[in-house]
Amino acid sequence: MELLNRNNNVIKYLMVTIGTIIMAIAINMVYEPLGLVTGGVSGVAIILKYYTEPFIQGGVPIWLTNALLNIPLFVAAYIVLGKKSIMNTIYATVSLTVALFFVPTDVVAYEDYILASIFGGVLMGAGLGLVFTYGGTTGGTDLLASIAQAKLKHYTAGQILMVIDGAIVVLGAAVFGLSKALYAVIAVYITSKIMDNILEGVKFAKLTYIISDHHDMIAKGIMHNVNRGVTGIPVQGMYSNAEKNMLLCVVSKKEISNLIELVAQIDPQAFVIVSDVREVLGEGFIEYRQ
């Protein structure tokens, strides 16, 4: 068990690291060279770099701003939220800072802002999706929103985050122009869609209800061939007044076709209901995070 937990932690930190590298590519090679401010600490860092370029060669590096702005946020989060809530965030933030240091600030999309919005949004969404999937966050405005929400309980963290990031995007519009801000909004939208698709792809499952006179054979087939647990629920048909057992089984999206084929082979007359499940916690799916 200890070895299994260690392997899970290695995979978790590896995937978070890959996610932050992808994010750094989006920031350093797409957003920063074209002045696209999409909110967050990285948006503030892009603005600060622009304003300090006349005084410091190349301006204040984005990685340095990211590190410096997150330090007071970590202290505040430790006080308000507690140590346990920020450990994964610290790792993800440090990983992103290191990635921002090493990833070169080359221009990928040049002056093609539509391409930059799409490509940057896809990269950022993929990176954030990996980080969030494996239990991390990258600090910044996400962490600030969580701290503020602990004090402003009549607002959700999402509402507070929208206000904070919205203010940063507006500031970016004042610095780089309205047209670039509009492209940044497109990038933010694409980021949210890609991130949601990654998170839902991991959490989504299929819930099946199976009513059949051969429920025992079907249950055994599912447990042995699909390798999923099955729950039997006593039900009664209101038309026939016949009592039967309804089987309840949750499977992944990849397994649903095998389950349906198995049921059809055992009882072609079985009544099967399949529905989407947004999240499943427990054995065989997503483990509870302590």
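Rundown of residues vs (1) surrounded by 15 or more Cβ atoms within 10 Å (Cβ to Cβ); (2) out of contact with any helix residue (DSSP H, G or I) (no Cβ under 8 Å at 6 or more places or on another chain); (3) at pLDDT 85 or above; (4) not in a strand (DSSP E or B), yes/no style:
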site	(1), (2), (3), (4)
V185	yes, no, yes, yes
T191	yes, no, yes, yes
M195	yes, no, no, yes
Y209	yes, yes, yes, no
R228	yes, no, yes, yes
N241	no, yes, no, yes
P268	no, yes, yes, yes
G284	no, yes, no, yes
Looking at G120, is it at pLDDT 85 or above, under 21 Å from V185 (Cα atoms), surrounded by 20 or more Cβ atoms within 10 Å (Cβ to Cβ) and touching a Gly at 6+ places or on another chain (Cβ under 6 Å)?
no
I260 fails exactly one of the following numbered conditions: (1) modelled with pLDDT under 90; (2) part of a helix (DSSP H, G or I); (3) open to solvent by 60 Å² or more (accessible area, probe 1.4 Å). What is the number of that condition?
(1)
Give the residue that is nearest to N197 (Cα to Cα), with candidates limited to residues of region 243-256 that are open to solvent by less than 70 Å² (accessible area, probe 1.4 Å) and within 29 Å of the chain's Cα centre (by Cα).
S252
Taking P72 and the conditions (1) farther than 19 Å from G172 by Cα; (2) at pLDDT 90 or above, which numbered condition does it fall short on, given that it satisfies the others?
(2)
Scan region 91-104 for residues that are surrounded by fewer than 22 Cβ atoms within 10 Å (Cβ to Cβ) and within 18 Å of V122 (Cα to Cα) and jot them down.
V103
Residue that is nearest to D267 (Cα to Cα) [pool: residues in region 211-222 that are open to solvent by less than 90 Å² (accessible area, probe 1.4 Å) and out of contact with any strand residue (DSSP E or B) (no Cβ under 9 Å at 6 or more places or on another chain)]:
H214
Within region 33-48, how many residues turn out to be of a type outside the set (G, A, S), buried (at least 24 other Cβ atoms within 10 Å of the Cβ) and under 21 Å from L73 (Cβ atoms)?
4
Here is a list of conditions, (1) among the polar types (S, T, N, Q); (2) touching a residue at least 60 places away in the same chain (Cβ under 8 Å); (3) out of contact with any Ser or Thr (no Cβ under 7 Å at 6 or more places or on another chain), and T17 meets all of them except one; can you say which number that is?
(3)
Tally up the residues in region 220-242 that are of a type in the set (S, T, N, Q) and over 38 Å from the mean Cα position of the chain (by Cα), please.
3
Taking the residues in region 71-90 that are within 20 Å of the chain's Cα centre (by Cα) and surrounded by 20 or more Cβ atoms within 10 Å (Cβ to Cβ) as candidates, determine which candidate is nearest to K12 (Cα to Cα).
T89
Out of (1) touching a Pro at 6+ places or on another chain (Cβ under 9 Å); (2) open to solvent by 30 Å² or more (accessible area, probe 1.4 Å); (3) of a type outside the set (S, T, Y); (4) at pLDDT 90 or above, the one V108 does not meet is (4)
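The values are calculated or read from the model by the stated rules, or taken from the named source; none is laboratory data. All of these numbers come straight from a predicted model, not from anything done at the bench. So basically every Cβ, Gly included, is an ideal-geometry build from the backbone, and we count neighbours across all protein chains shown. Just so you know, the surface numbers come from the protein's heavy atoms only, side chains and all, with ligands and any DNA or RNA stripped out. Shrake-Rupley method; radii C 1.70, N 1.55, O 1.52, S 1.80 Å.
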